[in-house]
Amino acid sequence: MKIAIGADHAGYQLKESLKRLLDELGLLYEDFGTTNGQSVDYPDFAQAVATGVATGNFDRGILVCGTGVGMSIAANRHAAVRAVVCSEPLSARMARQHNDANVLCIGARVVGLGTAIDILDAFLGASFEGGRHAARVAKINAG
């Protein structure tokens, strides 16, 4: 699995912590920034990560900002992206299993590091179930 990851200034520290988890898990990723905590525009990073996922260069995306909401709105502008904001692991797992979500958005001002790790673990550990859910995802994709 190859992962695209990005954050704005509010999510920078949490992104760096999540990268350490990805390293521990031995997962390949590319960091699309930001590279520090100075103010930046979140749509720039959402665009880069979502484009990578939409083109198939990356299997999953991770975006971190203050609440996760702005990143998810920006990422979902791409037709092949199904970005979700999750604040607990159950939603992350179900989003993968039932919605084939491919970009996880986390709010650094909403969840702590331990919860963020649990959310990411649930998201990466779950697989799309297909079946009855496949027709629903196809309707989303038909847009």
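The values are calculated or read from the model by the stated rules, or taken from the named source; none is laboratory data. Fair warning: this is a prediction, and the values are worked out from it, not measured in the lab. FYI the Cβ positions are ideal-geometry reconstructions off the backbone, even for glycines, and counts take in every protein chain you see. To get the accessible areas, we keep the full protein, side chains included, count just its heavy atoms, and leave off ligands, DNA and RNA. Shrake-Rupley method; radii C 1.70, N 1.55, O 1.52, S 1.80 Å.
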- Query: Among the residues of segment 121-143, which ones are under 19 Å from N76 (Cβ atoms) and open to solvent by less than 70 Å² (accessible area, probe 1.4 Å)?
  - Reply: F123, F128, H133, V137, A138
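Checking the structure you have, find out if any residue of segment 32-39 is among the aromatic types (F, W, Y) and part of a helix (DSSP H, G or I).
no
Restricting attention to segment 93-108, does a residue exist that is in contact with a strand residue (DSSP E or B) (Cβ under 6 Å, 6 or more places away or on another chain), more than 28 Å from K139 (Cβ to Cβ) and part of a loop (DSSP other than H, G, I, E, B)?
yes
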- Task: Return a yes/no flag: does segment 103-119 have any residue that is open to solvent by 50 Å² or more (accessible area, probe 1.4 Å), touching a residue at least 24 places away in the same chain (Cβ under 8 Å), under 20 Å from R20 (Cα atoms) and under 11 Å from the mean Cα position of the chain (by Cα).
- Result: no
- Task: Give me the pairs, please: first residue somewhere in segment 36-65 and farther than 10 Å from D8 by Cβ, second residue anywhere and open to solvent by less than 30 Å² (accessible area, probe 1.4 Å) and part of a loop (DSSP other than H, G, I, E, B), beta-carbon distance under 6 Å, and either six or more positions apart or on two chains.
- Result: A50/V81; G52/F58; V53/V81; V53/N102; A54/V81; R60/N102
- Message: Among the residues in segment 94-101, are any surrounded by fewer than 20 Cβ atoms within 10 Å (Cβ to Cβ) and more than 25 Å from G131 (Cα to Cα)?
- Response: no
